[in-house]
Amino acid sequence: MTDPRRTLRALALVTATTFALAACQSTPTTPPLLDLPPASATAAPDLERWWTTFNDPTLTALMDEALAHNLDLRAAMVRVDLARSNVLLAQSSLYPSMNLGVDTRRNRMTLVGSQPLPENFNPTNNDHLVGLRASYEVDLWGRYRNGASAAQSELLATEYARQTVRTAVAAETARAYFGLLAADAELAMLRDTLRSRDETVALQADLYQAGLIGDYDLQRAQAERAAVAANVAVAERAVGTYESALAAIVGRSPREVFAAKITRDLTQLRLLDVPEVPSGLPSDLLERRPDIRQVEAQLAAASLRIDAARAQYFPSLSLTASYGSESAALAKLFSTPALAWGIGASLLQPLIGLKAIEANVEAETARREAAVVSYTQTVQSAFRETRDALIANRSTRDALAAQTERAQKLKASLELAELRYRAGYSGYIDVLDAQRQLLQAQTLQILAARDVRFALIDLARAMGGGWDYLR
């Protein structure tokens, strides 16, 4: 006879060995170590409202509108809700399932047979059954637990993806707004220049009628006026394009996008006044950018999916329990003799081919490797984008300073050219050349101021949403 104690010891040894093998095969969920710049003990910044640094109430109002109604953000929120539902679905496997059944049958036996039946025998029989059945699969190998954890990590990834979309929407709103301000400033400058050219053409026409100048000077003045008029039309188109873009980004209706009424301050000085931001590569970038946190969560989910797939190699333990009543008479259905209950347990090995399980594990492993590559690429892109934004922040400010100085010098040069022309020391061609150069310099100055703001926006986006912590 087999010693039951030896049997129990052997069973315990097999169980412990199986658990040990399962534990040894768990997949790490942490991201790989990368060669990164040294970290620093800087305080965590406020990433929520970086655009308030510009001190522009119009921009703040547009940003609030965009974050409340932008369609890309609404779609991202729907994906978060879907991922949350998947978490609840995955967690449902960790709890018992309950079924309530009610069954009523009416049967009739034949009266024809070799054995005689009693005289008062009723061939018709009613059978009533009410039962409550519970079943639960014990998660010995972590299949459902890992699946639920993977779904939780995927939910976290979708939330970080929503934050990434939020950062992108904020950046697009700010870029469109400052692009609109630059177009407004350029259009206002061109309209002022066009009025000045109209006055010049009228003056040249009077001088021509008086015989003081020839056709050449008059036609050059008219040609210069036409060139400015063409630039006015181009600037008007740019203003309209930026207005439509802003209306769409902030989530307005199609009718409002078509109307595209964007209220803003047209003062050029506001465009040229930009906040100061010190340069320097942020050392805590990995803790800030939501897209990096997103790929970290996706990597963790992929690792847990491997363990869930590997758990299919092991048998499943199912527990069942039932409680109910069964009676031929409906009146006695819930009486004590009619009560019935049962408890059972079964250890089942899934009839899935080992090759199929192996293929599933390999597929999940390949997905994890792809997640590792995606993580590395995202981190690499994050540091590249931040470095480019920091370089742009310095270079655009240098360009703005140079263009501002150039515009000031050319303005003084134009005044001298006009004095020389009126004094007869030079021809009108010198005045036209000075006007043309000044107009170009003023246009480039506006664009340089816009580019400084674009660089600040790109820096905020590259750093996960702000730069206040660098101060």
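The values are calculated or read from the model by the stated rules, or taken from the named source; none is laboratory data. Predicted model only: the values in this text are computed from it and were never measured. All Cβ positions, glycine included, derive from the backbone under ideal geometry; neighbour counts span all protein chains shown. For accessibility, only protein heavy atoms count, side chains too; no ligands or nucleic acids. Shrake-Rupley method; radii C 1.70, N 1.55, O 1.52, S 1.80 Å.
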Note to self: Which order do the peptides 170-182, 199-211 come out in when sorted by mean C-beta neighbours inside 10 angstrom, highest first?
What the structure shows: 170-182, 199-211
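I need the fraction of alpha carbon pairs in the range 215-263 separated by more than 18 Å, rounded to a whole percent.
Above the 18 Å cut-off, the range 215-263 has 50 percent of its Cα pairs.
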Notebook entry, point to check: Taking the radius of gyration and the Kirkwood hydrodynamic radius from Cα positions alone, what is the Rg/Rh ratio for the range 349-471, to two decimal places?
Noted result: 1.49
Margin query: Not counting ligands, DNA or RNA, and with a 1.4 Å probe, what is Arg74's accessible surface area in Å² rounded to the nearest 10?
Written below: 140 Å²
Next item on the list: Determine by what factor the alpha-carbon radius of gyration of the range 384-456 differs from 2.2 N^0.38 Å, reporting the quotient.
Entry: 1.48
